[in-house]
Amino acid sequence: MFLTDLLKPKTVAYAHCDLPCGVYDPEQARIEAESCYKIIEKYHASNDEHFKARAIVIKEERAELTKHHIDVLWSDYFKPEHVQKYPEITELCWKAAKQCSKVKGSLEIGEAKTLLDMIDKIADVWTKAGGPAATRLPKAAAARA
């Protein structure tokens, strides 16, 4: 046995992120959910069984990432004062996480559309709660031009 084997961690943890870094944005969840939507469209447009099998696997991964990003917003960004001011956020995040599971297990485009609508509602609350100013760096003026 080598010394490196003894010093190597027994468990590897993955998170966004456990500092916490303070960078939160529902756009991360939306991008993953949009991927699910587009994958479902491509799945239905294809006759290639290998492509369809890959599409299902990738859609399920993207749906799980969507759920992860929603959970991070809920557990790390939204604080008791946000819940007090915007009590709907609790149910919005809970239902959106449940909707991710529906998208994961479905090939119905309507389920993906419903998830996108839910994420947009979460984004509205995040914006009202000061999310963009509190958690994101301003873009350079040249990038906006």
Exercise for the section: Could you please let me know if residue 65 is open to solvent by less than 50 Å² (accessible area, probe 1.4 Å) and either within 16 Å of the chain's Cα centre (by Cα) or polar (S, T, N, Q) (or both)? Expected result: no
Completion exercise
Over region 48-61, the set of residues within 26 Å of residue 121 (Cα to Cα) and either acidic (Asp, Glu) or free of Cβ contacts under 8 Å to residues at least 24 places away in the same chain (or both) is 58, 60, 61
Handout entry: Criterion (more than 21 Å from the chain's Cα centre (by Cα), among the hydrophobic types (A, V, I, L, M, F, W, C) and part of a helix (DSSP H, G or I)) met by exactly one of 29, 53
Key = 53
Fill in the blank from the handout: Within region 95-136, residues being among the aliphatic types (A, V, I, L, M), over 12 Å from the mean Cα position of the chain (by Cα) and closer than 18 Å to residue 28 by Cβ number 6
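The rows are residues; the columns are (1) touching a Lys or Arg at 6+ places or on another chain (Cβ under 7 Å); (2) of a type in the set (A, V, I, L, M).
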{"position": "49", "(1), (2)": "no, no"}
{"position": "55", "(1), (2)": "yes, yes"}
{"position": "63", "(1), (2)": "yes, yes"}
{"position": "70", "(1), (2)": "no, yes"}
{"position": "86", "(1), (2)": "yes, no"}
Completion exercise
When region 31-47 is checked residue by residue, the ones that are open to solvent by less than 80 Å² (accessible area, probe 1.4 Å) and free of Cβ contacts under 8 Å to residues at least 40 places away in the same chain are 32, 35, 39, 46
Practice task
Residue by residue through region 65-88, note down the ones that are among the hydroxyl-bearing types (Ser, Thr, Tyr) and under 15 Å from residue 116 (Cα atoms).
Solution key: 66
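The values are calculated or read from the model by the stated rules, or taken from the named source; none is laboratory data. Note that the structure is a prediction, hence the values are computed from the model and not measured. Positions of Cβ are generated from backbone atoms using ideal geometry, with glycine treated the same way; all protein chains shown enter the neighbour counts. Keep in mind that these areas ignore ligands, DNA and RNA; they rest on the heavy atoms of the full protein, side chains included. Shrake-Rupley method; radii C 1.70, N 1.55, O 1.52, S 1.80 Å.
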